[in-house]
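Each value in this text was obtained by applying a stated rule to the coordinates, not by laboratory testing. Worth saying up front: this structure is predicted, and the values here are computed from it rather than measured. Because the Cβ atoms are built from the backbone with ideal geometry, glycine has one as well, and the counts that use them run over all protein chains shown.
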Amino acid sequence: MGFPMASVTPHVRKHLSADALFRVVRSGFAAIPDPRCADVDISLTDTLMSAFAMFSLKAPSLLAFDRERTEGNLHTIYGIQRAPCDTYMRERLDPLSPKWLRPVFKRVFRQLQRGKALEEMVFLAGHYLLALDGTGYFSSKTVHCASCLHHVHRNGTITYTHQMLGAALIHPDVRAVIPLMPEPIGQDDGTDKNDCERNATKRFIVKLRQDHPHLKFIVTEDSLSSNAPHIATLHAHGLHYILGVKEGDHAFLFQQIQTAERAGRVTAYERHDRAAGLVHRFRFVNDVALNASNADVRVNFLEYWEISDTKVQHFSWVTDLRVSTRNVFHLMRGGRARWKIENETFNTLKNQGYNFEHNYGHGEQHLSVVFAMLMMLAFLVDQAQQLCCALFQAVWAKLGSKRLLWERMRALFYDYALVSMRELFEALLYGFKKSSPILTVDSS
Ligand SMILES: [Zn+2]
């Protein structure tokens, strides 16, 4: 008898637990100047924390969150003194410039660094892989605000959209991704989609270096980014890269590879994985010109075929890292991991309970952007749990899906008085009736 569950107690890293990270987020919000601090009874901190809690709990809508405002658990778990109603939340957050949220992302990131949670994300010689990609999360013919992008159609109608440049630390062997503060793509960014994303990327890189001047990164992006001006920007900011290239878009580069092949300057390499039934075939050549008009921009080229009995997949990249038979397999895995920004980040936000494309309220100035950033912040805290909290991992494994996990989490949150997120996760893992086991806690 006694404590039947004690033998399977998951390990909790105290400073990286959801409860600890909620406190980090809250102290970050508290550092944002509140222009109305004297004449309001609900602070900006409580308003921001309530919106964060809405995304953290994956409330299906602002109205649903408003209806179920049980201030008890919002107070004990999220540290909210008074939760605003939906109208008040929209009014307070609409004028807030999204730039104020960047330091909050940085605080959470620092906490992960201090807790050594990011060590398993290191990809190559102390460098993190950083995937960048643009995505849209709002589109309407009628609803719009000052931050919307306008697409004027030939018949004179306008489509209003919101897009952002997303960024996340990724690793080929790690399921979790660590998002950084996205860069909103704005109205003044240019006239076509590529131009918009390119300008947002430039701003992002400057801010990345302000926030993390000494961190080592290898940036990975799709083939739209493989152009000389962008490579110059990466180089100027001390960033390495693995960028996709396509024969259709980089004809000069691929012609040079043919020429180099005939001259015997291309290295071929093959690796057989009999267990998986795969052949990994490579060819690479170092120090070639990216294109005819920028002969001084030299890159290393790497091409890869994954061959199975039923299909062949083909990829090609350019990188500033010197390619050899020793590292070519690893570099390929880094290049292929880029899909995680699409799949593990954007698609998770769109399809795994976060309702990324759902309209929580648009506002007239910044509300739509502020909500998108706060959702990404809630996703960051969740991913930190997925990366380093054994209790979260155990609950996820037990329930089998994130959707079910969020559903059960919300049900407990609204039905029981709880003192912490840890108590909630323990209840999900062991049930309420059993005596709670004693968890091992370390000081990381
Ligand atoms: Zn808008």
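Result for the chain in a Gaussian network model with C-alpha springs under 10 Å: among TYR241, TYR360, TYR160, the largest mean-square fluctuation is at TYR160. About the centre of its Cα atoms, the stretch 158-250 shows a dipole size close to 340 debye [charges on the beta carbon of Lys, Arg (+1) and Asp, Glu (-1) only; nearest 20 debye].
Ordered from longest to shortest, the equivalent ellipsoid semi-axes for the chain are 41, 29, 18 Å, each the square root of 5 times a Cα gyration tensor eigenvalue.
Only Cα pairs within less than 10 Å get springs; with that Gaussian network setup on the chain, which residue of LEU367, LEU302, LEU399 has the largest fluctuation? Its mean-square fluctuation being the largest, the pick is LEU399.
If all Cα-Cα distances of the stretch 238-282 are sorted into 5 Å bins from 0 onward, what percent lands in each bin, rounded to whole numbers? Result, from short to long distances: 5, 16, 13, 18, 20, 16, 9, 2 percent. With the cut-off at 1.5 for a/c, could you classify the stretch 299-372 from its C-alpha gyration tensor as rounded, prolate or oblate? Verdict is prolate for the stretch 299-372. Averaging the Cα positions of each part gives two centres, and for the stretch 238-302 and the stretch 123-142 these lie 24 Å apart.
With the convex hull constructed from alpha-carbon coordinates only, the stretch 129-266 shows a mean projected area of 11.6 nm² over all directions.
Let me make sure I get this right: for the stretch 63-173, a, b and c are the square roots of the gyration tensor eigenvalues over alpha carbons, sorted descending. Under 1.5 in a/c it's rounded, otherwise prolate if a/b > b/c, else oblate. Which is it? The shape class here is oblate.
Under 1.5 on a/c is rounded, so check that first for the stretch 28-76, then, if it is not, pick prolate when a/b is larger than b/c and oblate when it is not; a ≥ b ≥ c are the square roots of the alpha carbon gyration tensor eigenvalues.
prolate
Rg and Dmax over the alpha-carbon atoms of the stretch 231-364 stand at 18.5, 61 Å. Compare PRO98, PRO33, PRO84 in a GNM of the chain, Cα atoms joined below 10 Å, and give the one with the largest fluctuation. Most flexible of the set in this elastic network: PRO33.
Think of the chain as a dipole: +1 on every Lys or Arg Cβ, -1 on every Asp or Glu Cβ, centred on the Cα centre; then among VAL395, LEU412, HIS150, VAL395 lies furthest on the positive end.
If only the Cβ of Lys and Arg carry +1 and only the Cβ of Asp and Glu carry -1, the dipole of the chain around its Cα centre is close to 900 debye. Sorted fewest first by neighbouring Cβ atoms within 10 angstrom, TRP406, TRP305 come out as TRP305, TRP406. Out of all DSSP beta bridges in the stretch 210-332, what portion is antiparallel? Express it as a percent rounded to 5. DSSP beta bridges in the stretch 210-332 are roughly 85 percent antiparallel. When the charge dipole of the stretch 351-431 is built from unit charges on Cβ atoms (+1 for Lys and Arg, -1 for Asp and Glu) and taken about the Cα centre, the candidate among GLN386, HIS358, LEU374 whose Cα reaches farthest toward its positive end is GLN386.
Against the chain, whose longest principal axis comes from its Cα atoms, helix 44-56 is set at around 70 degrees.
Shown is the FRET efficiency for ALA411 and ALA263, computed with R0 = 56 Å from the Cβ-Cβ distance and rounded to the nearest 0.05: 0.25. Taking every alpha-carbon pair in the stretch 187-295 and binning the separations at 5 Å intervals from zero gives 2, 9, 16, 17, 17, 14, 11, 8, 5, 1, 0 percent.
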